[in-house]
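Undergrad: Can you keep this structure in mind? I'll have questions shortly.
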Amino acid sequence: MSAIASPAVVVRLSGVRKSYRVGETSVQALRGVSIDVHAGELVALTGPSGSGKSTLLNLCGLIDTPDAGERELAETNIAGRTEAELTRLRREKVGFVFQGFNLVPVMTVFDNVEYPLLLLGAPAAERSARVTAMLGRVGLGGFEHRLPDALSGGQRQRVAIARALVKSPALVIADEPTGNLDSATAMQIVDLLRELAHEHRAAVVVATHDERMTSHCDRVLRLIDGEMQ
Ligand SMILES: Nc1ncnc2c1ncn2[C@@H]1O[C@H](COP(=O)(O)OP(=O)(O)O)[C@@H](O)[C@H]1O
Ligand SMILES: [Mg+2]
C-alpha cells in the first residue's frame with residue numbers, strides 16, 4: 001500500500017464528442033476526447049483557435065452537454081442529471097473565469113465576489129469573512145467599495161479570480177483569462193491561478209493559445225482539430 005494517496009480526480013471526461021449544427025452541415029468540435037484533472041493542479045489547455053478548447057471547458061463546467069461520452073465531476077456521474085441537479089452542481093463545484101472578466105459593472109468589487117455565496121445561501125457573516133479573505137489573497141484588500149470600471153484589466157481579472165474561488169470550488173475553469181492583458185500582467189495572473197490551485201486543492205483548467213503560459217502550468221494538454229494530442 002502506498003503511503004501517499006494520489007490526488008483525487010475532480011473532473012473526468014471519457015470519449016467525449018461534440019458537434020454543432022451550422023445550417024445544413026455540422027462542425028465536429030470534439031472527436032472523442034478523454035481527460036482527467038486532479039485536485040490541486042493547474043492544467044493548461046492549448047491549441048489553435050477553433051481546436052475545441054472552449055467547447056471542452058464548457059463540457060467540464062456543465063454549461064453544455066456532449067453528444068456522446070461520459071463525464072464525472074467531483075465523484076458525481078453527470079449522465080442523466082436533471083437541469084436543476086446540474087445547476088446545483090455547477091453552483092457548488094465550479095468557478096468560472098473569462099477573458100472579458102464578466103464582472104457586473106453596477107456592483108462593487110465586494111458585491112461581485114460575494115455573489116456566488118449569495119446563490120449558495122451562505123450566512124452574511126460567513127460571506128463577509130470569505131470575501132474579505134479572498135480579496136486580501138489576490139492583493140485587492142481595500143478595493144472592496146470600488147466599481148470594476150475604476151480598476152485596471154489585471155485588477156479586474158483578480159476580482160474575477162476571487163469570485164471564482166470564494167466558494168472553494170472543486171473545479172475552476174478559465175477561458176483565455178489573459179487574452180485582454182499585457183504579457184507581464186498575464187504571467188502574474190497565471191502564477192496566481194497556479195498558487196490558488198495548490199492552496200485550495202482545486203483543479204484549475206486554463207484554456208490559452210498563448211504557448212508562453214504553458215511553462216507556468218503544472219501540466220499541458222494540447223488539442224488539435226478536436227482531438228487530444
Ligand atoms: N455555438 C457554436 N455554433 C457553431 N459552431 C461552433 C460553436 N461554438 C464553437 N463552434 C465551432 O467548433 C469548433 C471549436 O470551437 P471552440 O471550442 O470555440 O474552439 P477554441 O476555443 O479552441 O477556439 C470551431 O470550428 C468553432 O467554429
Ligand atoms: Mg475559445
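Undergrad: Which pairs have Cβ atoms under 7 Å, sit 6 or more apart or on different chains, and link a residue in the stretch 142-160 that is at negative phi to one that is of a type in the set (Lys, Arg)?
TA: Note: pairs meeting the criteria are Pro148/Arg156.
Undergrad: Tally time: how many residues in the stretch 178-224 are under 12 Å from the mean Cα position of the chain (by Cα) and assigned to a strand (DSSP E or B)?
TA: 5
Undergrad: Going residue by residue through the stretch 176-197, is there one that turns out to be polar (S, T, N, Q), over 30 Å from Ala8 (Cα atoms) and either without any contact (Cβ under 8 Å) to a residue 12 or more places away in the chain or within 16 Å of ligand 1 (Cβ to nearest atom) (or both)?
TA: Yes.
Undergrad: Could you tell me how many of the residues in the stretch 29-70 are of a type in the set (Asp, Glu), in a strand (DSSP E or B) and within 13 Å of ligand 1 (Cβ to nearest atom)? Step through it out loud before you land on a result.
TA: Of the stretch 29-70, the ones of a type in the set (Asp, Glu) are 36, 41, 64, 67, 70.
The next check asks that each one be in a strand (DSSP E or B); those that pass are 36, 70.
Checking the rest, the ones that are also within 13 Å of ligand 1 (Cβ to nearest atom) come to none.
Final tally of qualifying residues: 0.
Undergrad: May I pose another question? Would you please name the residue that is nearest to the chain's Cα centre (by Cα), looking only at residues in the stretch 138-177 that are in a loop (DSSP other than H, G, I, E, B) and of a type in the set (Asp, Glu)? So that I can check it myself, show each step before the final result.
TA: If we filter the stretch 138-177 for residues that are in a loop (DSSP other than H, G, I, E, B), which is where we start, we get 138-147, 151-152, 166-170, 176-177.
Cutting the leftovers down to of a type in the set (Asp, Glu) gives us 144, 176.
Numbers: Glu144: 23, Glu176: 10 Å.
Taking the candidates together, the pick is Glu176.
Undergrad: Here is a further query. Of Glu92, Glu114, Glu83, which residue is within 21 Å of the chain's Cα centre (by Cα) and either modelled with pLDDT under 95 or aromatic (Phe, Trp, Tyr) (or both)?
TA: On the way: Glu92 fails: either modelled with pLDDT under 95 or aromatic (Phe, Trp, Tyr) (or both); Glu114 fails: either modelled with pLDDT under 95 or aromatic (Phe, Trp, Tyr) (or both).
So the residue among Glu92, Glu114, Glu83 that is within 21 Å of the chain's Cα centre (by Cα) and either modelled with pLDDT under 95 or aromatic (Phe, Trp, Tyr) (or both) is Glu83.
Undergrad: Pull out all pairs, ordered by first then second residue, where Cβ-Cβ is under 8 Å, the residues are six or more apart or on different chains, the first lies in the stretch 70-88 and is exposed (fewer than 13 other Cβ atoms within 10 Å of the Cβ), and the second is of a type in the set (Gly, Ala, Ser).
TA: Listed pairs, sorted by first residue: Glu75/Ala8.
Undergrad: Continuing with this model, one more query. Looking at the stretch 116-137 only, could you name the residues that are surrounded by fewer than 18 Cβ atoms within 10 Å (Cβ to Cβ) and part of a helix (DSSP H, G or I)?
TA: Within the stretch 116-137, Leu118, Leu119, Ala124, Ala125, Glu126, Ser128, Ala129, Thr132, Ala133, Gly136 qualify.
Undergrad: Right, another one. Check Glu41 against each of (1) surrounded by 16 or more Cβ atoms within 10 Å (Cβ to Cβ); (2) within 13 Å of ligand 2 (Cβ to nearest atom) and name the one condition it does not meet.
TA: (2)
Undergrad: For the condition touching a Ser or Thr at 6+ places or on another chain (Cβ under 8 Å) and aliphatic (A, V, I, L, M), what is the one hit in Leu56, Leu42, Leu13?
TA: Checking each option against the conditions leaves just Leu13.
Undergrad: Follow-up question, since we're still on this one. Please count how many residues of the stretch 71-106 are within 16 Å of ligand 1 (Cβ to nearest atom) and either touching a Pro at 6+ places or on another chain (Cβ under 8 Å) or in a helix (DSSP H, G or I) (or both).
TA: 3
The values are calculated or read from the model by the stated rules, or taken from the named source; none is laboratory data. All values derive from a computational prediction rather than experimental measurement. Neighbour counts run over all protein chains shown; Cβ positions are idealised from the backbone, glycine included.
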